[in-house]
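The values are calculated or read from the model by the stated rules, or taken from the named source; none is laboratory data. Fair warning: this is a prediction, and the values are worked out from it, not measured in the lab. Here the Cβ is made from the backbone with ideal geometry for all residues, glycine too, and neighbour counts use every protein chain on show.
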Amino acid sequence: MTDILNRPIWYALTTRQSAFAEGGPAAKRYVPTVTPFLASIDDTDSSLAALRELVPEGGMSVFLQATECPPMEGTEIAFAADGVQMIAAKTFSAEDETGILNLSEADAPEMQALAALTKPGPFLPRTHELGRFIGIRENGVLVAMAGERMKLDGFTEISAVCTHPDFRGRGLAGRLMRIVAARISARGETPFLHAFANNENAIRLNETLGFELRSKMFVTALRRKS
């Protein structure tokens with residue numbers, strides 16, 4: 001059943017997050033204001049041709065899966081990196097949520113600002129609509145957050161985990177991740193997440209929290225050739 005995690009974008013856009021999908025039967029992308037990810041059903045020439053049409057003029061799209069992004073005529077690679085996918089090795093139990101805030105539409109500008117400062121990954125004007133996000137405030141300022149991004153049948157991704165630089169070293173990210181993971185587990189789903197392969201600190205933290213390496217992933221940002 002975990003095989004669907006090899007193409008998490010495709011299986012999210014064709015199941016639980018189909019409301020955010022654009023495209024056709026061979027290739028889909030998220031609505032551009034939500035997140036820049038796109039995927040195809042397979043790597044056949046016809047599917048890749050359909051995928052190419054979803055790469056926006058003057059912008060970039062991000063490809064994430066367990067196999068390398070095949071060459072696509074009319075596109076070029078703007079950025080490529082090795083990533084890892086990690087999956088929960090246990091069922092997370094409920095955590096003390098004292099002081100934890102459920103973030104909403106009203107918090108979106110602050111969420112974007114915190115993500116822009118800390119760069120946990122793409123966080124666009126509507127990213128917060130993909131799932132539930134929680135945060136911690138200090139003196140009224142949002143200083144840490146975490147939430148849900150891709151949702152597939154039986155699985156939910158933890159994402160946008162970030163802490164303001166002035167508040168690091170206090171275990172805020174780990175606490176938020178445990179709470180998000182516990183909420184996912186309570187729904188009978190399995191939490192998973194992604195990290196860049198060279199982000200050793202994040203991978204170590206994830207392992208201490210109860211995640212294990214599932215697969216190498218390839219991260220590729222594509223843009224149209226001019």
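When you look at Gly74, is it on the phi > 0 side of the Ramachandran plot, surrounded by fewer than 16 Cβ atoms within 10 Å (Cβ to Cβ) and in contact (Cβ under 8 Å) with a residue 60 or more places away in the chain, yes or no? Judged against the criteria, Gly74 is a match.
Among the numbered conditions (1) under 23 Å from Val34 (Cα atoms); (2) surrounded by fewer than 20 Cβ atoms within 10 Å (Cβ to Cβ); (3) in contact with a helix residue (DSSP H, G or I) (Cβ under 7 Å, 6 or more places away or on another chain); (4) not aromatic (Phe, Trp, Tyr), the only one that Cys162 does not meet is (2). Look at (1) more than 19 Å from the chain's Cα centre (by Cα); (2) at pLDDT 95 or above; (3) surrounded by fewer than 18 Cβ atoms within 10 Å (Cβ to Cβ) and you find that Asp82 fails only one, number (1). Would you say Ala78 is within 10 Å of Thr220 (Cβ to Cβ) and in contact with a strand residue (DSSP E or B) (Cβ under 6 Å, 6 or more places away or on another chain)? Yes; evaluated as a whole, the condition is true for this residue. Among the residues of segment 85-103, just one is part of a loop (DSSP other than H, G, I, E, B) and under 16 Å from Ser159 (Cα atoms), namely Leu103. Just one of the listed residues (His164, His194) is within 17 Å of the chain's Cα centre (by Cα) and in the same structural domain as Leu101 (by TED's automatic domain parsing), namely His194. Tell me which residues, restricted to segment 2-36, are hydrophobic (A, V, I, L, M, F, W, C), touching a residue at least 40 places away in the same chain (Cβ under 8 Å), outside any helix (DSSP H, G or I) and touching a Ser or Thr at 6+ places or on another chain (Cβ under 9 Å). Of everything in segment 2-36, just one residue is hydrophobic (A, V, I, L, M, F, W, C), touching a residue at least 40 places away in the same chain (Cβ under 8 Å), outside any helix (DSSP H, G or I) and touching a Ser or Thr at 6+ places or on another chain (Cβ under 9 Å), namely Val34. Applying the set (1) surrounded by 20 or more Cβ atoms within 10 Å (Cβ to Cβ); (2) in a strand (DSSP E or B); (3) free of Cβ contacts under 8 Å to residues at least 40 places away in the same chain to Leu51 leaves exactly one unmet item: (2).
Filtering Phe123, Phe133, Phe167 for residues that are in contact (Cβ under 8 Å) with a residue 24 or more places away in the chain, surrounded by 18 or more Cβ atoms within 10 Å (Cβ to Cβ) and closer than 22 Å to Glu97 by Cβ leaves a single hit, Phe133. Report yes if Ala186 is touching a residue at least 12 places away in the same chain (Cβ under 8 Å) and crowded, with 16+ Cβ neighbours inside 10 Å, otherwise no. It is false that Ala186 is touching a residue at least 12 places away in the same chain (Cβ under 8 Å) and crowded, with 16+ Cβ neighbours inside 10 Å.
The condition (being in the same structural domain as Ala197 (by TED's automatic domain parsing), among the small types (Gly, Ala, Ser) and at pLDDT 95 or above) is satisfied by just one residue among Ser18, Ser93: Ser93.
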